Amino acid sequence: MADRQAFLQKIAHKLGRPTPTQVNRPRWTRHPWDHLCQGLTQSELVDQFEQELSALTGEVVRISTLQELPEAVSRWIQEEGCKRIVAWQHPSAAGQVLTETLNQLRDIHTTYWSSSAGREALIAAAEQADLGLVVAEHGLAETGTVVLYNRGEQGRLVSLLPTTCGVILHGSQIIPRLTQVLSQFKGIVPDYSCINLITGPSRSADIEMDLSIGVHGPGRIVVFLIDDHLS
Amino acid sequence: MSLSNPLPFKQRVEQGLNDPFLRQSLKNAQARFREGKQRAAQILGNLEEWRTRAEAIRHHTIEHLDYYLDQFATNVENNGGTVFFAETEQEAVDYLIRLAKAKQAKTVIKSKSMVSEETHVNKRLEEIGVEAIESDLGEYIIQLAKEMPSHIIAPAIHKNRRQIAQLFAEVAGKELPEDTSALTRFARHQLRDKFLNADIGISGCNFAVAETGSIVLVSNEGNARLTTTLPKTHVVMMGMERIVPTWEDLDAVLSLLPRSATGQKITSYVTALTGPRRENDQDGPEEMHVIIVDNGRSNALGTEYQSILHCIRCGACLNVCPVYRHIGGHAYGGVYTGPVGAVLTPILEGFDEWEELPYASSLCGACTETCPVKIPLHDMLIDLRRDEVDEKRSPGVERFIFRLFGTAMNNPALYRLGLKMAKHLLKPFADDEGFLNKGPGPLKAWTEERDFPAPAKESFREWWQRAGRYGGDPDGR
Ligand code: SF4
């Protein structure tokens, strides 16, 4: 077994000094990303998010208030003919509204991701679902990305195994870019074994550079975007 | 001769040169990736500032690599993961084999990992009866073809649709239509099954964040997510240089990686993994093992080649390289292809099998110009050549150069390149006064008798282009 100390000492030796016990990280007063998304209003950020995601064939359903979420989600599910759904149970108000909505849908089978249900059964349900519903913590305007924090009732596979990934997102939670979300990670990642940034459907260009969609993950992504930033 | 390098260099080059499909598809791919990259750069508006920052971060990290690795490893352990430091390929694979045996693993699913390619993991697993399946579509294709990746970003770029359909047909036991969506559907179906049943998932690591002990993976297909979520054991194989100190530092390199690679602003999936699954989690692995691999990387530390460890594996240097375009990835013989491979492989493995690689470049400098972390690739290629000359390894190589020269004479674009090359190529042979007194190849006979002037810094053609017909006249009459 290679020994950690020996491994690190070899590096120190090659670098011609002992292993430092403290390092002064360079500090910068400005960043190359400072100018990006500067001066945009929240409405403009939300619009940019929509444009970016749509350009990647992501779908955006705008909803004016949380109260209208049930109707919008049910209609979408009906129109698309979804039969099997797997969903997060998210502690937020939107998460609760989502659960109530799904509970009222008839002829549709919903499995909630849960820390008490059996793992194998959950995986099988996600595998067979045609829609997986999650609640995003943030949206990134620059790239049309949604940010998902996974743990407990917020399983990782819900956004991955079903053929379509459905995301609930508040307009007020859309931030300019990666920068703002990364700045929180130091405090947040210890609580979540997995954080996902998702931008559009699963895609590949491995066969003669021809774009194919849904190679491993969902081939569709739909974001139910609540315009709460306007009120 | 190593496993990854079955044919001599010249034959590999010839194979590449004689494959018209390969040359055409590389040309198209290069053009597409390059355009994407340029557009992405335009949108950023201040690419130079990004490059400068990314270079500074990479430089600082590698200068303090032992410190950050220590910090990273401690944090991984605090999060419930296990860390193993592997000095050699052997140690890395032995650890994995021990683990596979302990878990009584039958199948292993892998998402694209250059390090596992570098350490010949699949073959070693096969030897103990464990099936290893590549899940990245491109990697899956070349695994079926029993070949190596030929591009960092697009590993199966050398395969055409018909070849892929044939490979899949063998697995399916029946004919498959030659269209992309049918082939993709087949692969998805095939691999889903493997994912659901695999005992171990092996991933690479795009970036490891020292301050929290997290692993960051980027992928477009989502196969990295499946690999790290479904199997009960997750093994990360990472080159020891893959560290960034903080999440803020990640911003610079993570923003540059997809933009430099394909021109995307971000890949479909960016996943941050911090330890194995927690008590209340139903998915995610029960165990996370991180194997940190040196395998020759420390050869670069403290030398003029140290900054090759800054590489973020974006493949941008491949996409601008005229030599890569003509000969393709397999000609490089190693896991890492193109300009980065020509520098990295001899450093990782020594000159013995790879002495020709530093010559697989036109020294046009396009690689250096495009590299998002400003690695001076073509300067390193010159330095490697000088080192080879110092080691008196040149004769075989010289013959090769002159053969290339012969090919170049038949192709005007290459000829112009060749003229540019000559001054660099001959530089190592010139003495202080700029005279060649031990010229290579055909020049040898001449220089045995007298000195030969080294080519001027600027060729006539270059001067003509710069100064024009009325050379030197400021009014340009
Ligand atoms: S050497 Fe530079 S351009 Fe080439 S793959 Fe590495 S980071 Fe990208």
ask   = In the range B:62-299, if every C-alpha pair distance is counted and binned at 10 Å from zero, what percent goes to each bin?
value = 7, 31, 37, 19, 4, 0
query = Applying the Karplus parametrisation 6.51 cos²θ - 1.76 cosθ + 1.60 with θ = phi - 60° to the phi angles of the range B:227-241, what ³J(HN,Hα) value in whole Hz is obtained for each residue in order, glycine and proline being reported as x?
reply = 4, 9, 10, 7, x, 6, 10, 10, 10, 9, 10, 10, x, 5, 8
Label-point gap, in nm, between B:Glu77 and B:Arg39 - each point 7 angstrom along Cα→Cβ = 4.8
query = Under a point-charge model restricted to the Cβ atoms of Lys and Arg (+1) and Asp and Glu (-1), what is the dipole moment magnitude of the range B:62-299 relative to its Cα centre, in debye to the nearest 20?
reply = 1000
note = A convex hull over the alpha carbons of the range B:318-383 yields, per residue, a volume in Å³ of 77
message = Starting from the 7 Å offset along Cα-to-Cβ, what nm value, one decimal, do you get for the label separation of A:Ala121 and A:His13?
response = 5.8
request  = Would you mind getting me the FRET efficiency between B:Gln104 and A:Val61? Use the beta-carbon distance for r and R0 = 51 Å, nearest 0.05.
outcome  = 0.60
inquiry  = Suppose we keep just the alpha-carbon trace of the protein assembly as shown; what are its Rg and Dmax in angstrom?
reply    = 26.7, 96
task = Restricting things to alpha carbons, tell me how big chain A is in terms of Rg and Dmax, in Å.
result = 21.1, 70
query = Taking the simple approach of a point 7 Å from Cα along Cα-to-Cβ for both B:Glu63 and B:Ile128, what is their distance in nm?
reply = 4.2
key: Per-q log10 I(q)/I(0), the range A:76-118, q = 0.17, 0.23, 0.33 Å⁻¹ (Debye; single scatterer per alpha-carbon; no solvent)   = -0.49, -0.84, -1.21
inquiry  = Buried by at least 50 Å² relative to the chain on its own: which residues of the range A:165-197 qualify, computing accessible area with a 1.4 Å probe on protein heavy atoms?
reply    = A:Leu178, A:Leu182, A:Lys186, A:Val189, A:Ser193, A:Leu197
Protein accessible area in the range A:73-193, 1.4 Å probe - carbon and sulfur % = 46
task = May I ask for the accessible area buried between chains A and B, both sides summed, probe 1.4 Å, to the nearest 100 Å²?
result = 8000
Calculated FRET efficiency for the pair B:Asp379/A:Asp191, C-beta based, R₀ 56 Å, to 0.05 = 0.75
note = So for R0 = 30 Å, FRET eff. of B:Glu391-B:Thr52 from the Cβ-Cβ r, to 0.05, ends up at 0.30
note = Residues meeting the amide H criterion for A:Val60 (H placed from the backbone, H to H distance under 5 Å, 5 or more places apart or on another chain) are A:Val223
message = About the Cα centre, and with charges only on the beta carbon of Lys, Arg (+1) and Asp, Glu (-1), how big is the dipole of the protein assembly as shown? Nearest 20 debye, please.
response = 1180
ask   = With θ set to phi - 60° and the Karplus curve 6.51 cos²θ - 1.76 cosθ + 1.60, what are the ³J(HN,Hα) couplings of the range B:201-217 in order, to the nearest whole Hz, using x for Gly and Pro?
value = x, 10, 10, x, 8, 6, 9, 10, 9, 5, 5, 10, x, 9, 10, 10, 10
request  = Partner chain Cβ atoms within 10 Å, averaged over the residues of A:141-150 - can you pull that number for me?
outcome  = 3
ask   = Given a 1.4 Å probe, how much area per residue of the range B:100-221 is accessible, in Å²?
value = 38
key: Accessible surface, chain A, averaged per residue in Å² (probe 1.4 Å)   = 42
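The values are calculated or read from the model by the stated rules, or taken from the named source; none is laboratory data. Keep in mind that this is a model prediction, so the values were computed, not measured. Because the Cβ atoms are built from the backbone with ideal geometry, glycine has one as well, and the counts that use them run over all protein chains shown. Just so you know, the surface numbers come from the protein's heavy atoms only, side chains and all, with ligands and any DNA or RNA stripped out. Shrake-Rupley method; radii C 1.70, N 1.55, O 1.52, S 1.80 Å.
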